[in-house]
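Chemist: One structure follows; several queries about it will come next.
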Amino acid sequence: MALQKRTLGRQGLEVSALGLGCMGFSQSYEPAVETESLKTIHRAIELGCTFFDTAEVYGPFTNEDLLGLALAGKRDQVTIATKFGFRIEDGKNTGTDSRPERITAAVEASLKRLRTDHIDLLYQHRVDRSVPIEDVAGTVADLIRAGKVRFFGLSEAGVGTIRKAHAVQPVSAVQSEYSLWERNLETDVIPALKDMGIGLVPFSPLGRGFLTGQVKRAEDYPETDHRRNDPRYQGANYDANMAAADSVRKIATAKGATPAQIALAWVLHKGQDFVPIPGTRHVANLEANIGAAGFQLDDDDMRNLEDALAPGKVSGLRYTERAMAMVDR
């Protein structure tokens, strides 16, 4: 069965019901192998997973290069989302930068790396508090009029920012972390998105691996691994979170699914304009993730899952304090 389509935003951006988060192809927990990455991208297209999410800062730059290579000759089959918004100096992210001239330069560079003449969905990666969001939205509107961008998105933006941007250039999608594991959007962001007719693109829908049940303690990862500094992988937080995640495993076992499939199915059932973008570099994981679209969850299933991972049962900040300071809430 082909993966169904969903629509993000009232402007009519149609994408596959699940996307593929590409960050791990260049910023991963273990070294990536290009041939394996290309194989995974091509297999995704074969299975109807045609919504690819990248960013200039992934690598930096190498992720867009890889995706451009992988999609050569296949551009008309896919939807590409990328992001601007960071200042990149000497190969490092040194802070936010969404000045209009920087946005325009970033888009030109992304188009070259992606080997395309247009970007389907362009996100501001993080809100730049030094640049009015109205100026950001206006610059993207100019790029849309020029045919270089089709739709506008925001990432990790709060309700006030979203409303101001939307008034200048309609926002089709907001990307933010959302899963059974992380539900901070439910209080205000998701109701606002529904009110404005904006789709949600949840990243880390598998709780950064916790919901798969296959993670280790922070100290068991190499120094170069992002998870070593993740508060939820550390000390007593790890013990509490593994216990919470075990509830998903039990439900999955009863339904003949993997924990990852149940976690993704839950997100898909939360809204018809929710399009999760789990990341993986492995074909087997990709195929299993796409299989989640075929699982039906009833009201009791949804309630049991939400009770098992109620916000108070997840321990620790989702980012370090420095990274949390860049989330616009």
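The values are calculated or read from the model by the stated rules, or taken from the named source; none is laboratory data. Worth saying up front: this structure is predicted, and the values here are computed from it rather than measured. All Cβ positions, even for glycine, are placed from backbone atoms using ideal geometry, and neighbour counts span all protein chains on display.
Chemist: In this structure, does ALA292 turn out to be in contact with a helix residue (DSSP H, G or I) (Cβ under 7 Å, 6 or more places away or on another chain), surrounded by 13 or more Cβ atoms within 10 Å (Cβ to Cβ), closer than 24 Å to LEU20 by Cα and free of Cβ contacts under 8 Å to residues at least 12 places away in the same chain?
Modeler: no
Chemist: What tally of residues in region 121-156 results from selecting those that are surrounded by fewer than 16 Cβ atoms within 10 Å (Cβ to Cβ), touching an Asp or Glu at 6+ places or on another chain (Cβ under 8 Å) and not in a loop (DSSP other than H, G, I, E, B)?
Modeler: Going through region 121-156 one residue at a time, the tally reaches 0.
Chemist: Here is a further query. When residues of region 9-58 are filtered for being surrounded by fewer than 20 Cβ atoms within 10 Å (Cβ to Cβ), at pLDDT below 95 and not in a helix (DSSP H, G or I), how many remain?
Modeler: Count: 7.
Chemist: Here's something else I'd like to know. Which residues, taken from region 87-115, are surrounded by fewer than 18 Cβ atoms within 10 Å (Cβ to Cβ) and hydroxyl-bearing (Ser, Thr, Tyr)?
Modeler: THR94, THR104
Chemist: Quick one: count up the residues across region 69-107 that are hydrophobic (A, V, I, L, M, F, W, C) and in a strand (DSSP E or B).
Modeler: Within region 69-107, residues that are hydrophobic (A, V, I, L, M, F, W, C) and in a strand (DSSP E or B) number 5.
Chemist: Just give me the residues in region 250-276 being part of a loop (DSSP other than H, G, I, E, B) and crowded, with 18+ Cβ neighbours inside 10 Å, in sequence order.
Modeler: ALA257, THR258, ASP273, VAL275, PRO276
Chemist: Which residue, of LEU111, LEU66, is out of contact with any Lys or Arg (no Cβ under 8 Å at 6 or more places or on another chain), part of a helix (DSSP H, G or I), at pLDDT 95 or above and closer than 22 Å to VAL149 by Cβ?
Modeler: It is LEU66.
Chemist: While we're on this one: Quick one: in region 164-222, of everything that is assigned to a loop (DSSP other than H, G, I, E, B), among the basic types (Lys, Arg) and touching a helix residue (DSSP H, G or I) at 6+ places or on another chain (Cβ under 7 Å), which residue is surrounded by the most Cβ atoms within 10 Å (Cβ to Cβ)?
Modeler: Filtering first and then ranking leaves ARG183.
Chemist: Same structure again: Kindly list, by first and then second residue, each pair from a residue in region 70-86 that is over 13 Å from LEU38 (Cα atoms) and touching a residue at least 60 places away in the same chain (Cβ under 8 Å) to a residue that is charged (D, E, K, R) and in a strand (DSSP E or B), limited to pairs with Cβ atoms under 6 Å and residues at least 6 apart or on different chains.
Modeler: Cβ pairs passing all conditions: THR79/ASP120; ALA81/ASP53.
Chemist: Still on this structure, I have one more. Please pick out the residue among ASP246, ASP300 that is assigned to a helix (DSSP H, G or I), surrounded by fewer than 18 Cβ atoms within 10 Å (Cβ to Cβ) and at pLDDT below 90.
Modeler: Just a single option satisfies the conditions, and that option is ASP246.
Chemist: Let me ask something else. Residue check, THR253 against (1) over 15 Å from SER179 (Cβ atoms); (2) touching a residue at least 24 places away in the same chain (Cβ under 8 Å); (3) out of contact with any helix residue (DSSP H, G or I) (no Cβ under 8 Å at 6 or more places or on another chain), all met but one. Which one?
Modeler: Failed condition: (2).
Chemist: Would it be correct to say that ALA218 is over 19 Å from SER179 (Cβ atoms), in contact with a Phe, Trp or Tyr (Cβ under 8 Å, 6 or more places away or on another chain), at pLDDT 90 or above and of a type in the set (A, V, I, L, M)?
Modeler: Yes: the conditions hold for ALA218.
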